[in-house]
């Protein structure tokens, strides 16, 4: 599944980024998706689309995230053009959602990638560890539990 994110639709509504200038909004969202996009959205390539032209004048890639600028037309036009049956469009713009659905895309509300979303998602799942554990090696929690059993067996 490909994910196409309506950049400013997310950043201008996200309490963590809405008060920042546009460049900082872009940087924050792209960094977040580059580090936690798979956790927030799922597996698949991520493209973030913003209105206008970047300061450097061209599209770029940060980690696993492609960043595109609409240049001519609007970001909505470019997103609708990129949308297809293999894509999920992340936006709460109802007009864009209708256009993307007409091309077979799924729609996901912008709140799915809000900064605060990661913590809330983990709490609802009942996870005991509120901090991100994406960088831990496989089996790390099993090792921790084994060490607790060995070290704390006399304290029970």
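Just so you know, all these numbers are worked out from the coordinates, no wet-lab data involved. What you see is a predicted model, and the numbers here were worked out from it, not measured in a lab. Ideal geometry is used to build each Cβ from the backbone, glycine not excepted, and the neighbour counts take in all protein chains shown.
Here are the numbers for this structure:
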| item | result |
| --- | --- |
| Stretchable slack from residue 13 to residue 142, in nm (0.36 nm times residue separation minus alpha-carbon distance) | 42.5 nm |
| Additional length obtainable on full extension of the chain from residue 53 to residue 92, 0.36 nm per residue less Cα span | 11.8 nm |
| Rounded, prolate or oblate (a/c below 1.5 giving rounded, otherwise prolate when a/b exceeds b/c) for the stretch 9-87 by Cα gyration tensor | rounded |
| DSSP-defined beta bridges in the stretch 2-127 - what % are antiparallel, rounded to 5 | 15 percent |
| Extension reserve of the residue 62-residue 111 stretch, reckoned as 0.36 nm per residue once the Cα distance is removed | 15.5 nm |
| Protection-proxy order for peptides 99-107, 41-49, each taking the mean of Cβ atoms within 10 Å per residue, highest first | 41-49, 99-107 |
